[in-house]
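Taking it in order: structure first as structure tokens, then the write-up.
The values are calculated or read from the model by the stated rules, or taken from the named source; none is laboratory data. This is a predicted model, so every value here is computed, not measured. Cβ: placed from backbone, ideal geometry, glycine included. Neighbour counts: every protein chain shown. Areas reflect the complete protein model, heavy atoms only, side chains present, ligands, DNA and RNA absent. Shrake-Rupley method; radii C 1.70, N 1.55, O 1.52, S 1.80 Å.
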Amino acid sequence: MEATEIAIADAQKASTDDTKSSAGDKYETGREMAQQETNRNMAQLNEANKLLVALNRIGTTGASMHAEPGSVIVTSNGNFYLAISAGILTLNGKTYFAVSPASPVGNMLTGKKAGDEFTLNGKRYRIESVV
């Protein structure tokens, strides 16, 4: 979020620092490009804020018997953190895939407990533990 805010400020500064030149449309083109960059960064910042709100709604009161938002699920084919789609996370040398409950794998994981199995895209998963 911080990097996006810096990029927005830089694009806005570039837009205001651009001066008219004898090249005609060069000034307007530069301002438009800076505005488009600002708009892209604003969209990224809005999405990051939505993800932050979603993360803040996840309870951290303790372990659950069933996979739910906030759970870490260890399977025969990888470790998952059921929260938001944030890609790969590494903690203490272990890799976890941060997935949203709305994603295909997140949907399959939700409600499962240790010992449960499911198949997704032809791959079989066995839940080893839910924390």
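What to note about this one:
- Carbon + sulfur, % of accessible area of the range 56-131 - ligands and nucleic acids excluded, 1.4 Å: 52
- Highest-first arrangement of 102-110, 87-95, where packing means the average Cβ count within 10 Å: 102-110, 87-95
- Residue separation of MET65 and GLU128 scaled by 0.36 nm, minus their Cα-Cα distance, works out to 21.5 nm of gained length.
- For peptides 119-125, 64-70, 32-38, sequence by mean Cβ density within 10 Å, most packed first: 64-70, 32-38, 119-125
- Gain in span if fully extended, LYS113 to GLN44, counting 0.36 nm per residue against the direct Cα distance: 21.3 nm
- Taking label points 7 Å from Cα along the Cα-to-Cβ direction, ASN121 and ASN77 give a separation of 0.8 nm.
- Here THR29 and ILE6 are evaluated by their C-beta separation; at R0 = 25 Å the FRET efficiency comes out at 0.60.
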